[in-house]
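> Submitted below is the structure of interest, expressed as structure tokens.
The values are calculated or read from the model by the stated rules, or taken from the named source; none is laboratory data. Keep in mind that this is a model prediction, so the values were computed, not measured. Virtual Cβ from ideal backbone geometry, glycine too; neighbours counted across all protein chains shown. The protein model used for the area step is the full one, side chains on, heavy atoms only, and it has no ligands, DNA or RNA in it. Shrake-Rupley method; radii C 1.70, N 1.55, O 1.52, S 1.80 Å.
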Amino acid sequence: MYGWNIWEAGSANDFYTAAIVSMSKSWHNFWYASFDPAGFITVDKPPVALWFMVICVKIFGLHGWSIVLSSVLFGIGSVYLIYKMVKPTFGPLTARIAAFFMTITPIVVTDSRTNNMDATLVFFLLLAGWVLQRAVRKRRGWLVLVSFALVGVAFNIKMLQAYMVLPAMYLYYWVASRQNWKRVLTQTVLATLALAVVSLSWPLAVDSTSKSMRPYIGSSSTNSVLNLAFGYNGTQRLFGQTTGTGGTFSGMGTKASGKTKTGAPTGGTKQGGMKKASWRSPNWAG
């Protein structure tokens, strides 16, 4: 269901497709998630989800289906993780039911068939939850660190949205852990440090680079990843000040024309004086 007809995906979300094409051109663009081949401006998200999409494009070539392939695989992986998380406590039947209902949830299906970041985000957050469950059952402190580090990876997929699961993770670990409270407290502090280190590794690396040596951070007001994380992708979304400008796309229902596309993916309205960003390449094929 997730992969059916993805060969007619066209350019999916044109805004991120343009970035995928640009990122496949050079390591510089790959690292910074550059929207344009010249490395002038980045997209409005961190690069981790796009990295997986670029890898698929480098392996299989640039096609509509290769652009969304990683989302399809992460969507399938998320269903499997739901099964693995439910089964130990409630048994295989309940786990199958849980996995089935996640499989057919409309927004899950939709996100698994696009080149947006959500399917990748959900997978890494579920993986973090599954690892934390194993850490509690096996009493392995290092797995607690891995679990929170995975949330840090998710932060570099869609920023503060990844942190929405943290209250539940902290509460679960404190309630479910069978170790003494001092050890639980120590592991919680270390896990939080792991979360912070992984979360901030890419943003601080980018922000510490001279602005003349890197692209402008798209949708930020100060050319800073941290400003993007806590502003445009943080408080502005939390309080409804923005709905995002990641571009629009027609979805998966339109059949491809079968012709080679020479038109450029076109982004949405951007901040920083960039009214509408666009890019053209004669080698782009839908």
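> Between rounded, prolate and oblate, where does the range 122-223 land on the alpha carbon gyration tensor, with a ≥ b ≥ c its root eigenvalues, rounded for a/c under 1.5, else prolate if a/b exceeds b/c?
Working: a/c = 3.07, a/b = 2.37, b/c = 1.30.
It is prolate, given that a/c is not under 1.5 and a/b is the larger ratio.
> I want to make sure I understand the PRE zone here: with the label point 7 angstrom from the Cα of L171 toward its beta carbon, which residues in the range 100-129 have backbone N atoms less than 18 Å away?
From the range 100-129, the list is 126, 129.
> Also: Counting only heavy atoms of protein chains, what accessible area per residue, in Å², does the range 103-208 have with a probe of 1.4 Å? Intermediate results must be reported in sequence, preceding the final value.
Working: 4830 Å² over 106 residues.
Value for the range 103-208: 46 Å² per residue.
> Quick check: residue separation of S208 and R139 times 0.36 nm, minus the Cα distance between them. What number comes out in nm? If you can, show how the numbers build up before the last one.
Details: separation 69, 0.36 × 69 = 24.84 nm, distance 3.81 nm.
Stretched fully, the S208-R139 segment lengthens by 21.0 nm.
> Taking the Cβ-Cβ separation of T94 and W27 as r and a Förster radius of 45 Å, what is the calculated FRET efficiency to the nearest 0.05?
Details: r = 46 Å, r/R0 = 1.03.
E between T94 and W27, to the nearest 0.05, is 0.45.
> Compare the peptides 196-207, 140-151 by average per-residue count of other Cβ atoms within 10 angstrom and give them in order, highest first.
Details: 196-207: 17.3, 140-151: 20.3.
Listed from highest to lowest mean packing, they are 140-151, 196-207.
> Going by amide H atoms built from the backbone, whose H comes under 5 Å of the H on Y216, apart from near neighbours?
Long-range HN contacts for Y216: I41, T42.
> Can you send over the solvent-accessible area of K182, 1.4 Å probe, protein chains only, in Å² to the nearest 10?
My reading of the accessible area for K182 is about 130 Å².
> Using only the Cα atoms of the range 1-48, build the gyration tensor, take square roots of its eigenvalues as a ≥ b ≥ c, and label the shape rounded, prolate or oblate: rounded if a/c is under 1.5, else prolate if a/b is larger than b/c, else oblate. Don't skip to the end; give the middle numbers.
Working: a/c = 2.49, a/b = 2.33, b/c = 1.07.
Taking the square roots of the gyration eigenvalues as a ≥ b ≥ c, the range 1-48 is prolate.
> Given the C-alpha centroids of the range 129-195 and the range 33-99, what is the distance between them in whole angstrom?
22
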